[in-house]
Amino acid sequence: KEEACKRLGVVGSNVLDLKKPTVIGTIKQEFSKPFYLYQNAMVWTWMPLWYYYMGIVNTVVRVTGGLVVALFQYGSELDLYRLMVMEGTVEVVREGRIITMDQTD
């Protein structure tokens with residue numbers, strides 16, 4: 001038990017802190033990138049002129065592309081979260097006896 005406490009003090013607990021991703025949060029993160037801010041400014045300069053049709057096409061392409069990128073990013077973040085979440089118990093030897101402990105301890 002002393003060895004386990006010593007190792008816990010040196011190495012730390014077996015836990016990584018990672019928030020579970022959300023679809024809305026990933027979409028917000030994607031559309032707040034500088035590329036989309038630039039594209040938004042371009043659309044606003046085209047709309048008042050007679051290039052409104054180009055502004056509409058650019059908006060549709062930009063929103064569709066951004067949503068696809070955000071959904072792929074969400075899938076990747078969710079896979080990483082699932083890999084890092086630890087649940088369950090493990091059997092360990094303490095003082096010559098096998099005991100069951102939580103995996104995070």
> Normalised by the residues of the chain, what does the relative contact order come to in percent, with Cα pairs under 8 Å and at least six apart?
Replying inline: 33 percent
> So how tilted is helix 2-11 from the main axis of the chain? Cα-based, degrees 0 to 90, rounded to 10.
Replying inline: 20 degrees
>> Can you give the longest run of the chain that contains no GluC sites (Glu not before Pro) sitting in a DSSP loop with at most 14 other Cβ atoms inside 10 Å?
In response: 1-86
> How big is the equivalent ellipsoid of the chain along its three axes, where each semi-axis is √(5λ) from the Cα gyration tensor, reported in whole Å from largest to smallest?
Replying inline: 53, 13, 6
> Just how much of ILE24 is accessible, in Å², when a 1.4 Å probe is used and the result is rounded to the nearest 10?
Replying inline: 110 Å²
> Can you list, bin by bin at 5 Å, the percent of alpha carbon pairs in the range 33-76, starting at 0?
Replying inline: 5, 22, 25, 21, 12, 8, 4, 2, 0
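The values are calculated or read from the model by the stated rules, or taken from the named source; none is laboratory data. Small disclaimer: the values here were computed from a predicted structure and weren't measured. Here Cβ is always computed from backbone atoms with ideal geometry, including for glycine, and neighbour counts include all displayed protein chains. Ligands, DNA and RNA are stripped out before the accessible areas are found, and what is left, the full protein with its side chains, is counted by its heavy atoms. Shrake-Rupley method; radii C 1.70, N 1.55, O 1.52, S 1.80 Å.
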